[in-house]
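The values are calculated or read from the model by the stated rules, or taken from the named source; none is laboratory data. Note that the coordinates shown come from a computational prediction; the quantities given were computed from them, not determined experimentally. Positions of Cβ are generated from backbone atoms using ideal geometry, with glycine treated the same way; all protein chains shown enter the neighbour counts.
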Amino acid sequence: MAELAEGQGFCSPVRLLGAAASRSRVLAAIEGTAAVSRPGDLVLLTFSGHGGRKACDASGASSSVWVLADGSLWDAEMHEALAAFRPGVRVLVISDCCNGGVPTCESAGRSRVSASVLVLAACQADRHADGGGMAGHFTTVLLDTWRSNPHVTGYRAFYRHICARMPDYQKPNFYWVGTCDPEFEGQRPFTI
């Protein structure tokens, strides 16, 4: 994903791998990027790792979480970080983990996110990614789809091409957090 980003003209990516992918460093990287982003910018946020489900409030509702080197990144923390992006900033999240992408919980303050955050996730909520031990299958298919369809227009069409290459047991997910932006959705993927 870093090579794709660099090839498309994104600024030098921040790579947090292994022990460096701690909760504080991931949140600091998101918040630091939000601080320098301006309306019209495109931010690419990728995650490849374990995802899980945890109770997010006393009602029994559960939330998907990203499992980082030193613990889980919770819904409220992710939404607080995403809320730091200004309106008009486009944020593309590629999430290759179980349980459907960006941690979301109905009780969380989704309305505080005013940027346009488009999520392409490895699977649907409450589902497992990479069945049969194929770690990174979604990322592999996404990159192969990008290479074989260099002129695909629109994220929805790109998503459909990815879905067509995925096995029946793993259906990717496509959804918005914050402001839905049809213009962003219609742009050629990874176009700054």
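Things worth noting here:
- Residues that are polar (S, T, N, Q), under 21 Å from residue 115 (Cα atoms) and surrounded by 13 or more Cβ atoms within 10 Å (Cβ to Cβ), drawn from region 136-192: 173, 179, 187
- Residue 60 being within 19 Å of residue 2 (Cα to Cα) and at pLDDT below 80: no
- Subset of region 127-141 that is at pLDDT 70 or above and out of contact with any strand residue (DSSP E or B) (no Cβ under 7 Å at 6 or more places or on another chain) - its residue that is nearest to residue 164 (Cα to Cα): 141
- Segments classed as helices (runs of 4 or more DSSP H), wholly inside region 122-192, with at least 2 members that are among the acidic types (Asp, Glu): 182-186
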